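Report on the following structure.
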Amino acid sequence: MDYMDSYKINTETLAIVPINRKKSKIYENQNIIIVKKSANKIIEENCEYFGSSYAGRKKGTMELIGVTHKAPILIEDSQNIVFFPTSSPRLNDCNWISLNNIDSFISHDEDSIITFQNNLSIQVNVSNKVINNQVLRATRLESVASKRKDKFYKEINREKSSKNI
């Protein structure tokens, strides 16, 4: 297990799980990394690294899909890196889960077990109903953002072709 002072979220990042207020465990496809920061701090720093603030990304989610509480966050849009919180990000036990790396999720007593595409599973302390709702919100965010991006590029290409005529 590697210990780090900071971490850059990427397409291999599966989940960010808080250990305590100052440490998080990050699951990647091939690694488990301990970062000396809270899960929320890691999310905030990555929003900034990719050109926005957490507040700006959260506001973008609100504008795109109308969600304000437990909002999924589009961390990096060119690679569609979307994470969602399992509870209120204000709580110390909030996990952040990568939408695009999930294979499945099932109920386990009052908790949920999330299985990722690499067959790694983690247990989170929220119901399957909550996970399902968060996956739906994150999928909707990804879809709306992707459609807007496609529309934007189509309009640019139309303008370019009309100028070339």
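The values are calculated or read from the model by the stated rules, or taken from the named source; none is laboratory data. Owing to the predicted nature of the structure, the values given are computational and were not obtained by experimental measurement. No Cβ is skipped: glycine too gets one built from the backbone with ideal geometry, and neighbour counts run over all protein chains shown. To get the accessible areas, we keep the full protein, side chains included, count just its heavy atoms, and leave off ligands, DNA and RNA. Shrake-Rupley method; radii C 1.70, N 1.55, O 1.52, S 1.80 Å.
For Asn40, are the conditions met, namely being closer than 22 Å to Ile102 by Cα, at pLDDT 95 or above, touching a Cys at 6+ places or on another chain (Cβ under 9 Å) and open to solvent by 10 Å² or more (accessible area, probe 1.4 Å)?
Against the criterion (closer than 22 Å to Ile102 by Cα, at pLDDT 95 or above, touching a Cys at 6+ places or on another chain (Cβ under 9 Å) and open to solvent by 10 Å² or more (accessible area, probe 1.4 Å)), Asn40 qualifies.
Taking the options Arg57, Arg90, Arg21, name whichever one is touching a Cys at 6+ places or on another chain (Cβ under 6 Å) and not acidic (Asp, Glu).
Residue meeting the stated conditions: Arg57.
Identify the residue in segment 146-165 that is closer than 26 Å to Leu64 by Cβ and hydroxyl-bearing (Ser, Thr, Tyr) and, among all such residues, is least open to solvent (accessible area, probe 1.4 Å).
Going through the qualifying residues, I end up with Ser146.
Condition (residue is part of a loop (DSSP other than H, G, I, E, B) and within 23 Å of Lys37 (Cα to Cα)) applied to segment 105-118: is it met by at least one residue?
No, segment 105-118 has no match at all.
Please indicate, with yes or no, whether at least one residue in segment 65-79 is surrounded by fewer than 18 Cβ atoms within 10 Å (Cβ to Cβ), without any contact (Cβ under 8 Å) to a residue 12 or more places away in the chain and hydroxyl-bearing (Ser, Thr, Tyr).
Checked segment 65-79: at least one residue is surrounded by fewer than 18 Cβ atoms within 10 Å (Cβ to Cβ), without any contact (Cβ under 8 Å) to a residue 12 or more places away in the chain and hydroxyl-bearing (Ser, Thr, Tyr).
Of all residues in segment 43-59, which are in contact with a strand residue (DSSP E or B) (Cβ under 7 Å, 6 or more places away or on another chain) and either open to solvent by less than 30 Å² (accessible area, probe 1.4 Å) or charged (D, E, K, R) (or both)?
If the condition is that a residue be in contact with a strand residue (DSSP E or B) (Cβ under 7 Å, 6 or more places away or on another chain) and either open to solvent by less than 30 Å² (accessible area, probe 1.4 Å) or charged (D, E, K, R) (or both), then Ile43, Asn46, Cys47, Arg57, Lys58 are the ones that fit.
Scan segment 1-37 for residues that are in contact with a strand residue (DSSP E or B) (Cβ under 9 Å, 6 or more places away or on another chain), among the polar types (S, T, N, Q) and closer than 21 Å to Phe116 by Cα and jot them down.
Within segment 1-37, Asn10, Thr11, Thr13, Ser24, Asn29, Asn31 qualify.
Ser52: in a loop (DSSP other than H, G, I, E, B) and free of Cβ contacts under 8 Å to residues at least 60 places away in the same chain, yes or no?
Yes: the conditions hold for Ser52.
Asp103: open to solvent by 90 Å² or more (accessible area, probe 1.4 Å) and on the phi > 0 side of the Ramachandran plot, yes or no?
no
Those residues that are of a type outside the set (Phe, Trp, Tyr), crowded, with 17+ Cβ neighbours inside 10 Å and either part of a loop (DSSP other than H, G, I, E, B) or in contact (Cβ under 8 Å) with a residue 60 or more places away in the chain (or both), I need them from segment 81-99; list them, please.
Ile81, Val82, Thr86, Pro89, Cys94, Asn95, Ile97, Ser98, listed by residue number.
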